[in-house]
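So the structure is just underneath, and the comments pick up after that.
Every number in this text was worked out from the coordinates using simple rules, so none of it is lab data. Nothing here was measured: the structure is a model prediction, and the numbers come from that model.
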Amino acid sequence: MLPSRLAFENAVLFNQKHGHENLGFVSAQWGFLPVKPPLLALPDYFKAWDVIAADLPSLFRTLQVRRAVDALPYLNVDEHHLPAEYLLRASSLVSILLHAYVRVEASAPATLPSHLMQAWEGISQRLDRPAPILSYVDLILYNWKLRDPQASPLMLVENLDLLFPTVGNEEERVFYLTQLEIAAACAPLMLAVIHAQEAASRDDVPALGDGLDRRPDARSHPPRGRPDHGCHSGCRGGPLRRTRTHRPTRRVHR
């Protein structure tokens, strides 16, 4: 068995055994996206977090993020209070909330709220991350929800909303969720690459051709929207405006 096939099957079995995908998304159907849509709520103990996350665009527009975050209670993120299956939602929520805390005003805060930083550190440790960071998983791959779970095709920008919008405008939604649509369209590459490697290792040219034919066809995902702004129809403004209206940062320091 080739290393790529072994690594893929071991990762799938690991996630199935543990009942979550905290160490990485991987599947034949969804590629590097989660097998199940992101959770829509944390346990009741964390209701204050869910409430402030839902209000974040309004708090951001009125420059009230810091006041609201400072008023949050300290919440324990151990396994008893925060079961493993909720870690990814908690990580996305807290990391986006703290980045909004830093970016909401022109001047950076002198310090970050210790009660939320402690929670972020605890969540990051449980996810086996080297430090609290706003990862691509937090910002994109686990930051979405479906408008219509029965839609077909399912993973299109038109059928998606951000789970934790910061600004809450259309530019932010399209800019982030276009990346998610691309990831979903590329999911067949997961097995296509493995099949192609296996065929190449056997010098099986017909099978190699079949494996390459499994790749996503760009013709089935034509660009939408006008070429002058490179955005889906209905999205206001071009790339420069989208960059100015929402600028994610890589990492929050103390």
Looking only at lysines whose Cα falls under 18 Å of residue 145's and that sit 8 or more positions away or on another chain, we get 36
Hey, what D do you get for the stretch 61-123 in µm²/s if you plug the Kirkwood alpha-carbon radius into Stokes-Einstein at 4 °C and 1.567 mPa s? 104 µm²/s
Which whole number of Å³ per residue matches the convex hull of the alpha-carbon atoms in the stretch 1-135? 127 Å³
Principal axis lengths of the stretch 131-202 from Cα atoms, whole Å, largest first? 52, 38, 18
Just round it to a whole percent: the fraction of Cα-Cα distances in the stretch 60-174 exceeding 20 Å. 48 percent
Using the Karplus curve 6.51 cos²θ - 1.76 cosθ + 1.60 with θ = phi - 60°, work out ³J(HN,Hα) for each residue of the stretch 49-60 in order, rounded to whole Hz, and write x for Gly and Pro. 5, 4, 5, 5, 5, 5, 8, 4, x, 5, 5, 5
